[in-house]
Amino acid sequence: MNVTRLLDYVNDTVAITLTVSLIIGYQFYLRRLARRNWACVLASAGTVARRAWVEMVMSNHSDALLAVQTLRNTTMAASLLASTAILLMVGALTLTGQARSLQETWHFLNIFGTLSPELWLMKLLCILLLLFLIFFNFVNSIRVLNHVAYMVALREGPGTPHFPPTMVAAHLDRGSYHFRLGMRMYYYLVPFVFWLFGPIYMVASACLMVFVLLPRVDRVSPDVVGRIENTG
């Protein structure tokens, strides 16, 4: 009986294994590409740009107001995305109480998957976990950027603590890392939402994101990379 029940989950197990493998493989691909040339990947190019931006702002304090406004815009965006994650968590929790009534409707297109309430709750639990991690990352981004806004606008003088630009840039990179990780999990939330309809839709959406959509977002066009290298 237990073996039969395990065989019922084979298709879903294979689907989630393929999806997670695609996501991890894509992340390793981006990291390897960034090590070859930082200008090829938007995330690594953004890291270089942020460090240069901190050096520029802290060397010319007339731009301090612009720096605070830039950080405020990023903080507002993180607040909106964190609030959205909370709303989605409430929606997912609402679905957990309606698992039996929605099972037949949502599984209408589920051809190869298992139609069991236990697996349905497991899918919702995975979505809730991702949403919690999204909320956690954006809240951490807000917390770090709030401190950076004070550091970057502080003028050096008698009795005033000195924050080196490298230290401020490191904190800014940390806040931006949490922001980027939260956005990345929003992208990777899509295959798990499609998993509610069936494992085949989960794998199809993961392939579409990894091979078609995300490279357009993460990669920098070769023409731009060439201009950056010629300028450097």
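The values are calculated or read from the model by the stated rules, or taken from the named source; none is laboratory data. As the structure is a prediction and not an experimental result, all values here were calculated from the model. Please note: Cβ atoms are built from the backbone with ideal geometry, for glycine as well, and neighbour counts cover all protein chains shown.
Residues in segment 24-38 that are surrounded by 18 or more Cβ atoms within 10 Å (Cβ to Cβ) and more than 17 Å from the chain's Cα centre (by Cα): 1 in all. Give Met151, Met167 a once-over and let me know the one that is without any contact (Cβ under 8 Å) to a residue 24 or more places away in the chain, on the phi < 0 side of the Ramachandran plot, more than 17 Å from the chain's Cα centre (by Cα) and surrounded by 17 or more Cβ atoms within 10 Å (Cβ to Cβ). Matching residue, one of Met151, Met167: Met151.
Of all positions in segment 194-206, at least one carries a residue that is free of Cβ contacts under 8 Å to residues at least 40 places away in the same chain, surrounded by 17 or more Cβ atoms within 10 Å (Cβ to Cβ) and under 24 Å from the mean Cα position of the chain (by Cα). Being under 19 Å from the mean Cα position of the chain (by Cα), free of Cβ contacts under 8 Å to residues at least 12 places away in the same chain and surrounded by 18 or more Cβ atoms within 10 Å (Cβ to Cβ) is the requirement here; does Ser83 meet it? For Ser83, the condition - under 19 Å from the mean Cα position of the chain (by Cα), free of Cβ contacts under 8 Å to residues at least 12 places away in the same chain and surrounded by 18 or more Cβ atoms within 10 Å (Cβ to Cβ) - is not met. The single condition among (1) more than 19 Å from Leu129 (Cβ to Cβ); (2) surrounded by fewer than 17 Cβ atoms within 10 Å (Cβ to Cβ) that Tyr187 does not satisfy is (1).
Of all the numbered requirements in (1) out of contact with any helix residue (DSSP H, G or I) (no Cβ under 7 Å at 6 or more places or on another chain); (2) of a type in the set (Val, Ile, Thr); (3) crowded, with 16+ Cβ neighbours inside 10 Å, Ile142 misses one, and that requirement is (1). Does Leu88 meet the test of being under 29 Å from Phe138 (Cα atoms), at pLDDT 70 or above and in contact with a Cys (Cβ under 7 Å, 6 or more places away or on another chain)? Judged against the criteria, Leu88 is not a match. Among the residues of segment 170-186, those identified as among the basic types (Lys, Arg) and in contact (Cβ under 8 Å) with a residue 24 or more places away in the chain are Arg174, Arg180. Residues of segment 117-139 that are crowded, with 20+ Cβ neighbours inside 10 Å and of a type in the set (D, E, K, R): Lys123 alone. In this structure, Arg51 does satisfy being modelled with pLDDT of 85 or more, basic (Lys, Arg) and more than 30 Å from Phe194 (Cβ to Cβ).
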